[in-house]
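Down below is the structure, laid out as structure tokens.
Throughout, read-outs are computed from the coordinates displayed, never taken from laboratory work. Quick caveat, the model's predicted, so the values are computed rather than measured. A quick note on method: Cβ atoms are made from the backbone with ideal geometry, for glycine too, and the neighbour counts reach across all protein chains shown.
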Amino acid sequence: MNRWNILYRGPLSSCNYSCSYCPFAKTKNTRQELLYDAECLERFVEWVESRKEPIGILFTPWGEALIHRHYQAALQRLSQQQHVVRLSAQTNLSCGLEWLDSCCRDTVKLWTTYHPTQMSQEDFLAQCRRMDAMGFQYSVGVVGFKHELEAIRELRRKLPPHIYLWINAYKREHDYYTPQDLERFSRIDPHFSWNTRYHKSMGKSCLAGHTSFSVDGKGDVRRCHFIDAVLGNLYDGSFERVLRPRPCTNQTCGCHIGYVYLEELSLRDLYGEGILERIPRV
Ligand code: SF4
Ligand code: SF4
């Protein structure tokens with residue numbers, strides 16, 4: 001049985017932070033909208049519980065999910081399932097962490113991001129230390145702004161050596177980095193160069209749509225977050241007939257959660273079991 005890597009993105013769209021570079025709409029969800037998001041999540045959790053395949057899940061919300069009790073409860077519940085082999089969530093790590101204590105340490109591994117304009121480095125590192133003390137693994141990421149280079153170096157120095165610090169390249173400005181900048185950031189994140197490019201993907205083989213797929217709140221299944229065509233639905237079972245290898249139909253792929261499935265990059269060798277939470281083997 002193939003392991004499925006599922007990227008879940010429900011209707012939640014609000015965040016407790018307001019980063020200037022945020023690629024997502026900054027909204028404030030109403031109580032009603034949050035209830036609907038919780039209903040969608042409950043349905044997804046029930047579906048996962050009903051399956052037998054090995055499943056890995058990365059929650060990739062439009063905003064911050066882990067400050068909400070329903071996401072915390074979903075992780076607690078799913079981490080007790082034998083066939084759920086990995087659970088991760090993209091998070092700014094601003095939530096309280098007590099709820100994590102009842103999650104399985106082998107299954108839950110978080111994708112955390114540090115946002116320097118929203119939290120002090122000291123406070124973020126204190127959260128990391130709490131995670132360490134509780135025995136959870138996680139990756140830490142930042143956006144590679146040149147004016148933040150010193151602060152990023154400092155973060156690297158202060159994080160435990162075994163915690164991977166990834167840097168997302170700032171790609172909105174063409175030629176933003178000089179070769180020297182690229183070298184400086186690569187000294188901090190040895191895998192930085194993968195993220196500095198939009199990988200040519202048109203016609204190339206990608207596992208998104210085969211062993212990895214994305215699911216929205218209604219259960220609509222797409223091969224990834226970057227191609228809008230709906231392949232089928234999770235809840236009527238129609239998605240299963242259409243999961244198969246197929247070439248990419250976009251010109252390029254520039255986001256880690258997408259290009260790691262482009263076969264010619266062989267990034268599955270680099271990330272192995274840590275592909276969802278972005279923890280490389282080396
Ligand atoms: S924490 Fe993430 S989702 Fe929230 S505003 Fe910042 S970049 Fe956007
Ligand atoms: S290469 Fe990127 S855009 Fe193309 S199918 Fe794969 S994940 Fe989607």
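See the values below:
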item: The chain: most fluctuating residue of 38, 151, 73 per GNM, C-alpha cutoff 10 Å; result: 151
item: In the range 122-209, GluC sites (Glu not before Pro) in a DSSP loop with at most 14 other beta-carbon atoms within 10 Å; result: 173
item: Separation of the residue 50 and residue 149 label points, Cα + 7 Å toward Cβ, nm; result: 5.4 nm
item: Candidates 144, 209, 135: whichever shows maximal mean-square fluctuation once the chain is modelled as a Gaussian network with Cα springs under 10 Å; result: 135
item: Links that overshoot a 30 Å alpha carbon limit, given the list 158/204; 28/158; 158/218; 28/218; result: 158/204; 28/158; 158/218
item: Long-range amide H partners of residue 141 with built H, under 5 Å; result: 112, 113, 114, 166
item: Gained length - residue 105 relative to residue 35, 0.36 nm times residue gap less alpha-carbon distance; result: 22.4 nm
item: Expected 222 nm ellipticity per residue - DSSP helices of 4 or more, -39500 (n - 2.57), all of the chain, to 500; result: -8000 deg cm²/dmol
item: Rounded to 5, percent antiparallel among DSSP beta bridges of the chain; result: 25 percent
item: Relative contact order (%) - the chain, alpha-carbon pairs under 8 angstrom, separation at least six; result: 17 percent
item: The chain: most fluctuating residue of 102, 201, 13 per GNM, C-alpha cutoff 10 Å; result: 102
item: Hits among aspartates and glutamates - C-alpha to C-alpha of residue 52 under 15 Å, sequence gap 8 or more where chains match; result: 240
item: Estimated FRET transfer efficiency (residue 21, residue 130; beta-carbon r; R0 22 Å; 0.05); result: 0.25
item: Proximal lysines to residue 200, defined as alpha-carbon separation beneath 27 angstrom and excluding residues fewer than eight positions away on the same chain; result: 146, 171
item: Pairwise label distance in nanometres, residue 200 with residue 250, each label 7 Å out on the Cα-Cβ vector; result: 1.8 nm
